[in-house]
Amino acid sequence: MRLLESRRGDPSLPGAGGRRPKSHRRRPDRSHWLTDHGVPVAAALAVLAVVVGAVLYAMPDDTGGSGGTGGASGGASGTVSAPAVSATEAAQLARWVAVNVRAGSTVVVPPSLAARVHVAAPALHVQAYDGAPPAGADLVVVSRTPSHQLQALETRTFPLARLPGDGRLEVRQVTDVGGAAALRNEVRRLADAGAQLAQNRRLDLPASDARALRAGEVDARLLITLAALAGEHTLQADLVADPAGVPGSVRYRQVRITRVDGVSVARNPKVAAPLDTFVRAQHATLVPVESRVRRTTSGPAFVMRYPVPVPLGLIDGNEIPTVGP
Amino acid sequence: MTAGNRAGQVARAATLCALLLLVLGAGAVAGGQRAAAVVVGYVRLAHLSPGTPKVDVYLTSFRGGRVATMLPGVSYGMVSPYVRVAPGTYTVSMRLAGADPNSPPVLSTNVTVAPRQAYTVAGVGAKQALALRVLHDRLAPPSPDKAAVRVVQASLKAPVVDVMTSTGMKIVTGAKFPSTTRYLQVPAQRWMVQVSKHGSTAVLASKAVVLRPGAIDTVLVLDGGKGVRLLVTTDAVGSAVMPTGGVAAGLGGAADPPTPGRSRDGLVAALLVAVAAGALSATWAARR
């Protein structure tokens, strides 16, 4: 037996190539296989590893971003009819115009809002629609010069606000690039930022919410605040979609945070206190209308909710303008 | 167990280990090469708000990664060195320098950093309304014997200005606060830059600016003690790779930018491959 083993170990020994016992014929001896073929196998595996590495290297970091951008276009146009604007909302919108529109600009608003805007923003030239608004769309045009404003009314290149149905006003943005381009840019920015936030390992969200992020369906205020909070804490959260009938270009303006730094909010509501402190210290634009621990359908959670109208231009809209040649 | 059997087992084990090491090494090399190829962007802080104390500015990546990158607080009229950051979108928040670290920083803006691009986060406006705004800086060098220069209008005392050279060449007219011109390519030489109120010929401030070949500079129009003053900062000199003052700091984001650790990864990978090759050679030699 020892001799046979030695011969198996060295094929050059006499008898190694001869007739083998029956058991060896049934089960071919593979004990030498790796020794005999180690180098070519190693080379093949190495080549395979390098090819895999090269493929990984060539893959884009964020495969979800582009898809999200493409799928987001529907979000911009997803306005729905809504109930008539309330007095509170009208006042809020009038203040928004007063704060965000440069003094001296011309603002065209529906007659029901003209007086309020005029009071809130005496430095603006306020014009009410004379008769029906431009065909096919209810627009509020905010332009920097009267000539632009008139041109915009004719060509509809400056839609800065929408009036879905016959009531609610959503002032959207002051822009020089035209309304359609501004909306496309906005959704692309939301989708890009959302895709990055979906990759954030400190923010644990359901897969459906990650898809909404990549689709640009999440309010910029929520994106910014969640990114900042996730920089300080690990969070487990889920987004809450607006109910049907709420106007706006995004579906998600609310988040429920159920765990902070691994601690359940239901078990210890105080764990959410730093989040509340943080959001309440921000500029008015980023302060939610609701930020508190309350009972939700999924149990107690820290809820942050932002109001309409949804401001645009919060993501990457803060570059100092370029002038001159 | 016989000596021959044991030798065969050792040889097989060595071969398996060698294969494993080779695969690991190759993977590490590929990964290391990929990481080394990850590019970064550059961000710096400019304090252009008169009467406002120093502020520390924090960048927090949407992708996660490090909690925050701090742009060190600078005094009014000063510009910090660039810090390298992974490309991506960041929230930008600020807190008075020296404030309680537990006090919440205030979100002020956000910036999307593109690969190999440079940005200045500028604090502008009055103290009561300090705002952070973003300037996209240029890294591409100008033509030989030329310099690139832009003017940033950050003066509240003269909110609309004209900027020209003493030779009468207009750089910008009617520049409102805050605004910036595009970069202009001009002959690399000494220029006398003058600022006046828009439409006026009375010079508010002037400054000799030496523009070197290949340099990219920014002329800042700022409020001074008695009026307007000019400040010149150099954004980059002679290379599009690394802007002036770039420091390796604050690498945020989920993407791992190149770090010294990556060099060690490469070394480990090389060692793994070497050990694997040695083990294979020894196994092969023993078999023969």
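The values are calculated or read from the model by the stated rules, or taken from the named source; none is laboratory data. Everything numeric here is computed off the predicted structure, so don't read it as measured data. Every residue, glycine as well, gets a Cβ built from its backbone with ideal geometry; the counts of neighbours run over all protein chains shown. For accessibility, only protein heavy atoms count, side chains too; no ligands or nucleic acids. Shrake-Rupley method; radii C 1.70, N 1.55, O 1.52, S 1.80 Å.
Which members of segment B:92-104 meet the condition of being touching a helix residue (DSSP H, G or I) at 6+ places or on another chain (Cβ under 8 Å) and either more than 7 Å from chain A (Cβ to nearest Cβ) or open to solvent by 20 Å² or more (accessible area, probe 1.4 Å) (or both)?
The answer is B:Pro104, and nothing else.
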Of residues in segment A:296-314 being touching a strand residue (DSSP E or B) at 6+ places or on another chain (Cβ under 6 Å) and within 14 Å of chain B (Cβ to nearest Cβ), the one modelled with the highest pLDDT: A:Met304
Lone unmet requirement of (1) outside any loop (DSSP other than H, G, I, E, B); (2) open to solvent by 10 Å² or more (accessible area, probe 1.4 Å) for B:Asn110: (2)
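Let's see how each residue does on (1) touching a residue at least 24 places away in the same chain (Cβ under 8 Å); (2) small (Gly, Ala, Ser); (3) surrounded by fewer than 23 Cβ atoms within 10 Å (Cβ to Cβ):
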{"site": "B:Ala129", "(1), (2), (3)": "no, yes, yes"}
{"site": "B:Arg133", "(1), (2), (3)": "yes, no, no"}
{"site": "B:Asp145", "(1), (2), (3)": "yes, no, yes"}
{"site": "B:Ser166", "(1), (2), (3)": "yes, yes, yes"}
Selection count, segment B:130-157, where residues are more than 11 Å from every other protein chain (Cβ to nearest Cβ), within 13 Å of B:Leu220 (Cα to Cα) and in a loop (DSSP other than H, G, I, E, B): 2
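So in segment B:105-128, with the set limited to residues that are hydrophobic (A, V, I, L, M, F, W, C) and over 25 Å from A:Leu222 (Cβ atoms), which one is farthest from the other protein chains (Cβ to nearest Cβ)?
Going residue by residue through segment B:105-128, those that are hydrophobic (A, V, I, L, M, F, W, C) are B:106-107, B:111, B:113-114, B:118, B:121-122, B:124, B:126.
Then drop every residue that is not over 25 Å from A:Leu222 (Cβ atoms), which leaves B:118, B:122, B:124, B:126.
Numbers: B:Ala118: 13, B:Ala122: 7, B:Val124: 7, B:Ala126: 15 Å.
Among those residues, the one meeting the criterion is B:Ala126.
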Test: residue in segment A:207-216 that is over 12 Å from B:Ser61 (Cα atoms), open to solvent by 10 Å² or more (accessible area, probe 1.4 Å) and within 10 Å of another protein chain (Cβ to nearest Cβ): no
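How many residues are modelled with pLDDT of 90 or more and more than 17 Å from A:Leu197 (Cβ to Cβ) when one looks only at segment A:242-258?
The first filter runs over segment A:242-258 and keeps only residues modelled with pLDDT of 90 or more, leaving A:252-258.
Add one more test, that the residue is more than 17 Å from A:Leu197 (Cβ to Cβ), and what stays is A:258.
Matching residues across segment A:242-258 total 1.
What about B:Thr52, is it open to solvent by less than 30 Å² (accessible area, probe 1.4 Å), outside any strand (DSSP E or B) and among the β-branched types (Val, Ile, Thr)?
yes
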Test: B:Asp162 is within 22 Å of B:Val193 (Cα to Cα) and among the charged types (D, E, K, R): yes
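For segment B:158-176, name all the residues that are in a strand (DSSP E or B) and β-branched (Val, Ile, Thr).
Residues of segment B:158-176 that are in a strand (DSSP E or B), as a first pass: B:160-165, B:170-176.
Residues satisfying the conditions are B:Val160, B:Val161, B:Val163, B:Thr165, B:Ile171, B:Val172, B:Thr173.
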Checking B:Val57 against (1) away from every other protein chain (no Cβ under 12 Å); (2) crowded, with 24+ Cβ neighbours inside 10 Å; (3) not in a strand (DSSP E or B), the condition it does not meet: (3)
Qualifying positions in segment B:75-91 - in a loop (DSSP other than H, G, I, E, B) and either facing another protein chain (nearest Cβ under 8 Å) or over 16 Å from the mean Cα position of the chain (by Cα) (or both): B:Ser75, B:Tyr76, B:Gly77, B:Met78
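Residue by residue through segment A:260-294, note down the ones that are in a strand (DSSP E or B) and either in contact with a Phe, Trp or Tyr (Cβ under 8 Å, 6 or more places away or on another chain) or in contact (Cβ under 8 Å) with a residue 40 or more places away in the chain (or both). Show your work before the answer.
Let us first name the residues in segment A:260-294 that are in a strand (DSSP E or B), namely A:260, A:263-264, A:290-294.
Selection gives A:Val260, A:Ser291, A:Arg292, A:Val293.
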Failed criterion for B:Gly174 (all others in (1) within 11 Å of chain A (Cβ to nearest Cβ); (2) surrounded by 15 or more Cβ atoms within 10 Å (Cβ to Cβ) hold): (2)
Residue count, segment B:113-127 (criterion: surrounded by 21 or more Cβ atoms within 10 Å (Cβ to Cβ) and not small (Gly, Ala, Ser)): 5
